[in-house]
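Working notes, structure below.
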Amino acid sequence: MRVSGTGPGGGFVATETTGPKIFTVSELTEEIRYLLEGQFDFVWVEGEISNFSAPASGHYYMVLKDDTAQIRAVMFRLQARYLRFLPEDGMKVIAQGRMGVYGPRGTYQIVLDYLEPLGVGALAMAFEQVKEKLAAQGIFDEKAKKRLPFLPQRVAVITSPTGAAVRDFLKIIHRRFVNIEVIVVPVRVQGEEAAADMVKALSLVNRSLQVDVIVLTRGGGSLEDLWAFNQEELALAIRGSRIPVLSAVGHEIDTTIADLAADFRAPTPSAAAELLVVEKTALLERLKESRNRLVSGMRLALKQETRRLEHLSKALRDPRKGLSDMWMRLDEHHARLVRLIQAVISDQKRRLRIEVRALSLGSPAKDIAALEEQCRVMTQSLLAAMKRRLGDQHRDLSYLGKSLSDLSPLSVLKRGYSIVMRLPEKGLLTQASQVERGDKIRVVLFEGELVGHIEEVLPGDKGL
């Protein structure tokens, strides 16, 4: 093949069509996508989930693997919202989807439309996941559950108004106790919006209705039919209710998340009515028996107390005699107390006079006056001595000042003497031999200075 020139990617471009075709990466990826997606448009895959992630976008990303291979998979948000359970690492599943190629990474993956746990239904798996999550939060804790009232006066029933459950409940309630007021709050009990309806109904009853208990009920059905009662938001609303909640969902064998979260569970709607309301005739009979027992007990207690009162009245003395004796004893104690207080006061006055006399004899007033006079004399003596000392110091200072003035070089100059210095070094001259003819000298007088030159040096004696 003859080759000339270079292509956009820097590679050689064939000028003849007889050689192999050279793809760009994008072209090759598109070819692979066309073949792969055309061949595997609809596939079922069994495998184990690993590397599962659920970012804020709502898409699910995972890897499906077996013992020897693995393949990437993605379920987009529109399909993921229909899943009844949350996929987890290690979960074995059956998946259905189509093959796709993600060009920017050059990878192939399964775009999932359906996902189901292997060996267990999706709803059963979702039920267990919600149950475990709420149990970890303490939603099913028995200690947090409220007690049901003994005989409620007003009952709110959250259910479908057309179902058999509400008819059975009302029939038994009215048969057992016709005076109880029942308020039916209509909601959907099946379908996608049923859980939200029941949550709103619980909020409405707690906010606006003055009832003693809430009954959440519906008839039996399959797991799919009862699925609204397995929603997490409904369990949280039940636990958040300030009014006790009685759950009666399905048949006796059915157990829902709402049953576990409720303050009390009845196996059926009819059983809920029987548990909630005591039969009126039985209650009246119990009330009559209790009244009879109470009357008999009161009569017996009254008879016993009457006998006891009669016995105490016979043994009781006239309180007036005891009261007069107490007044007399009180007067005696008062007189004794007054005498004792007066004696104590007299003794204290006597001791006080003795102490005052002793203090007067030992008073320091005389000593203080003598010390004050001594202090005055010493002060005057000190001032006189200081004045003498200051006079002596002034005289000494004047004498020293005069002596200092007499010794001053200015005084000597004033008497006709002068100071001679040789220039330019300004050394003092004390001998004629220190200069020569022509040297420049400076003569300092008492007033003014003279500058001149040596005309002649005359040796001589020290006398003038």
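Where a number appears in this text, it was derived from the coordinates with a stated rule and is not lab data. Source: prediction; values computed, not measured. Cβ sites come from the backbone with ideal geometry, for glycine too, and all protein chains shown count toward neighbours.
Observations on the model:
- Relative to the Cα centre, the charge distribution of the stretch 240-390, modelled as +1 at Lys and Arg Cβ and -1 at Asp and Glu Cβ, gives a dipole magnitude of about 1760 debye.
- The radius of gyration of the Cα set in the stretch 23-119, together with its Dmax, comes out at 13.9, 46 angstrom.
- Once the convex hull of all Cα atoms in the stretch 70-218 is built, its volume per residue stands at 181 Å³.
- Its alpha carbons give the stretch 404-464 an Rg and a Dmax of 12.7, 38 Å.
- Spatial separation of Cα centroids for the stretch 58-112 and the stretch 186-230, in angstrom: 35 Å
- Whole-Hz Karplus values for the stretch 141-158 come out as 5, 5, 5, 8, 7, 8, 7, 7, x, 5, 9, x, 8, 9, 10, 9, 10, 9 Hz, taken residue by residue from phi with 6.51 cos²θ - 1.76 cosθ + 1.60 and θ = phi - 60°; glycine and proline positions read x.
- Extension gain, Lys171-Asp325: 0.36 nm per intervening residue step, less the Cα-Cα distance, totals 47.6 nm.
- Karplus-derived 3J(HN,Hα) values for the stretch 298-312, using 6.51 cos²θ - 1.76 cosθ + 1.60 with θ = phi - 60°, are 5, 5, 5, 5, 5, 5, 5, 5, 5, 4, 5, 5, 4, 5, 5 Hz; glycine and proline are entered as x.
- Cα-based Lys proximity count in the stretch 120-195, under 22 Å, for pairs eight or more positions apart or on separate chains: 6
- Mean Cβ count within 10 Å, highest first, over the residues of peptides 53-62, 234-243, 361-370, 158-167: 234-243, 158-167, 53-62, 361-370
- Dipole orientation for the chain: of the candidates Ser313, Ser324, Pro244, Ser324 has the Cα lying most toward the positive pole (charges on Cβ; Lys, Arg +1; Asp, Glu -1).
- 3J(HN,Hα) along the stretch 374-391: 4, 5, 5, 5, 5, 5, 5, 4, 5, 5, 5, 5, 5, 5, 4, 4, 5, x Hz, from the Karplus curve 6.51 cos²θ - 1.76 cosθ + 1.60 with θ = phi - 60°, whole Hz, x for Gly and Pro.
- Kirkwood Rh in Å, taken over the stretch 132-278 so that all alpha-carbon pairs contribute: 14.9 Å
- Listed values (1) 23.1, 79; (2) 62.8, 168; (3) 29.7, 101, entry calculated as Rg and Dmax of the Cα atoms in Å: (2)
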